[in-house]
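Okay, so here's the structure we're looking at.
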Amino acid sequence: MAPKGTPHAHSTRVAIVGAGPAGLLLGQLLTVAGIDNIVIEQRSPEHVLSRIRAGILECVTVDALARAGVDARLRAEGLVHRGIELSFGGVRHRIDFHALIGRDVTVYGQTEVTRDLMAARQEAGMPSVYEAQDVSLHDFDGRRPRVCYRKDGIEHEVSCDFIAGCDGFHGVSRASVPDASKQIFERVYPFGWLGILSETPPVADELIYASHPRGFALCSMRSKTRSRYYVQVPSAEKAEGWSDDRFWDELRSRLDAEAAEALVTGPSIEKSIAPLRSFVCEPMRFGSLFLAGDAAHIVPPTGAKGLNLAASDVLYLADGFIAHYRHGDSQELDLYSARCLSRVWKAERFSWWMTSLLHRFPDADAFAHRIQQAELDYLVSSEAACRSLAENYVGLPR
Ligand code: APR
Ligand code: PHB
């Protein structure tokens, strides 16, 4: 028993802060490689699983989940999509990823990815602390990195070799780094996405990204019976102001006539507004602290890159830890930040471009509208332009 006032002491090799997809995937890749780790999460498992997030997986992400041994349900239930559709001017244009570059994406909700990772971690008997309060990071610039937290009124201290900050955009990890040691790059867009989930069949076999004078809309799905739809709304909008009927009417008004006709509506299971933001923190390593996923960068959802970038970071990080512990080789860890950022910035560029291409910007003048129109026309009439979109959407090589 620790004396009163002294925190309960634990030790591990890698302390992972945050049990979103980044933290859990890292934990699983390390566990598979025999590297001791703990996951410390401030919310409950139920809360983590109640968050509805995106659902498009690149091949790199599917491969990472396979390596972590958590791809069985994904292979059985995931929907392989060989392309997407762009809708504007009342017409739909298909971008055929498979024909253009021979790769595709898999539709499988992030919530399900998280559920599968949680189950695998539990099965492996690896330690996870949920509902950890006042999580704090110490001495990651020195010799004795530690993560402290309180659980059920008891203070705990985890000594470790490394800390993985996988605690999302609002987490404590990036915030623990002094301002002078990091550089932030940010763009906040003057709109958000109002999204709903409904137990209705998707309007089409593939995703439809629609650009319309009333604003952007996206028709996505989670399965053949569950749909996810979004409409662009001004930043100040509140979800409470949107009845289901108002949402369906707005969505229909932004689609081509055939899709509007085919749309099957029903009660929403979830309805929320997400702001759109581009954000990068450089570097992604500070001594023995490594940031991964949303803790280090945010992309607007238009390019479906958020989860995929998190998986890509985590693969570099897991390989760095494996080289360090197996071969005493720290070179990969030293390259971590530069490797991640090179890929992150390309995904930032693509997500910003997709966002600029498809949304209505409140300050856009007549010239800007014509340029946007010309870019859409060029895109669907040029195989080179379609190939560029396809290459980025399915994921650039690592
Ligand atoms: N201490 C411990 N855990 C924390 C703290 C904290 N101080 N702050 C936040 N967390 C937890 C959150 O509760 C959340 O469960 O960290 C987790 C971070 O998970 P995500 O936000 O899902 O981030 P990440 O794992 O990087 O996943 C990236 O999520 O937002 C999407 O588009 C994004 O798909 C991408 C994916
Ligand atoms: C989603 O299904 O939630 C989704 C799909 C594609 C995107 C964004 C979100 O670009």
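What is the sum of charges, Lys and Arg at +1 and Asp and Glu at -1, for the other residues whose Cβ falls under 13 Å from the Cβ of Ile371?
Taking every other residue near Ile371 into account, the sum is -2.
Find which of Val280, Gly303, Leu251 sits farthest along the positive direction of the dipole of segment 243-307, computed with +1 on the beta-carbon of Lys and Arg, -1 on that of Asp and Glu, about the Cα centre.
Val280
Using +1 at the C-beta of Lys and Arg and -1 at the C-beta of Asp and Glu, which of Ile196, Leu396, Ser235 has the Cα lying farthest in the positive direction of the dipole of the chain?
Working it through, the farthest residue towards the positive pole turns out to be Leu396.
So, by mean Cβ neighbours within 10 angstrom, what's the order for 101-109, 135-143 with the highest one leading?
Ranked from most to least packed, the peptides come out as 101-109, 135-143.
Over the heavy atoms of Glu131, what accessible area does a 1.4 Å probe trace out, to the nearest 10 Å²?
Its accessible surface works out to 100 Å², give or take rounding.
Residues with beta-carbon under 14 Å from that of Glu348, excluding Glu348: net charge, scoring Lys, Arg +1 and Asp, Glu -1? Mind dumping the intermediate values first?
Numbers: positive: Arg187, Arg277, Lys305, Arg343, Lys346, Arg349; negative: Glu186, Glu282, Asp294, Asp313.
That sum, taken over residues with Cβ under 14 Å, equals +2.
For every other residue with a beta carbon closer than 12 angstrom to the beta carbon of Arg82, add +1 if it is Lys or Arg and -1 if Asp or Glu, then tell me the sum.
Net of charged neighbours comes to -3.
Heavy-atom accessible area of Asp152 with all protein chains present, probe 1.4 Å, nearest 10 Å²?
130
Roughly how many debye, to the nearest 20, is the charge dipole of segment 271-331 about its Cα centre, given +1 on each Lys and Arg Cβ, -1 on each Asp and Glu Cβ, and no other charges? Numbers along the way, then the final one.
On the way: 5 positive and 5 negative charges, 51 e Å.
So the dipole magnitude of segment 271-331 works out to roughly 240 debye.
Which of Gly142, Leu49, Ala66 sits closest to the plus end of the dipole of segment 1-146, meaning its Cα is farthest towards the positive end, when Lys and Arg get +1 and Asp and Glu get -1 on the C-beta?
In segment 1-146, that residue is Gly142.
I'd like the accessible area for Phe169: 1.4 Å probe, protein heavy atoms, all chains in place, Å² to the nearest 10.
About 40 Å², rounded to the nearest 10.
Could you tell me which helices of the chain pass both thresholds, a Cα extent of 24 Å or more along their own axis and a mean Kyte-Doolittle hydropathy of at least -1.0, with helices taken as whole DSSP H runs?
306-327, 331-358
For segment 211-293, with only Lys/Arg (+1) and Asp/Glu (-1) charged at the beta-carbon, what is the dipole magnitude about the Cα centre, in debye rounded to 20?
Details: 12 positive and 11 negative charges, 72 e Å.
It comes to approximately 340 debye.
Using a 10 Å cut-off on Cβ atoms, rank the peptides 379-390, 6-17 from the highest mean neighbour count down. Could the numbers behind the result be given before it?
Values: 379-390: 15.4, 6-17: 18.6.
In decreasing order of mean packing, 379-390, 6-17 become 6-17, 379-390.
Magnitude of the Cβ-charge dipole of the chain, K/R +1 and D/E -1, about the Cα centre, nearest 20 debye?
Once rounded to the nearest 20, the dipole reads 280 debye.
Need the full-extension length gain, His327 to Ala175, defined as separation in residues times 0.36 nm minus the C-alpha distance. One decimal, nm.
This chain segment gains 51.5 nm when fully extended.
Which value in deg cm²/dmol, rounded to the nearest 500, describes the helix-derived mean residue ellipticity at 222 nm for the chain, given -39,500 (n - 2.57) per DSSP H run of n ≥ 4 and division by the residue count?
Working: 13 runs with 152 residues, N = 398.
Per the formula, -12000 deg cm²/dmol.
The values are calculated or read from the model by the stated rules, or taken from the named source; none is laboratory data. Values in this document were obtained by computation on a predicted structure and should not be read as measured data. Heads up, the Cβs are rebuilt from the backbone with ideal geometry, glycines too, and the neighbour counts pull from every protein chain shown. Ligands, DNA and RNA are excluded from the accessible area calculation, which covers all protein heavy atoms including side chains. Shrake-Rupley method; radii C 1.70, N 1.55, O 1.52, S 1.80 Å.
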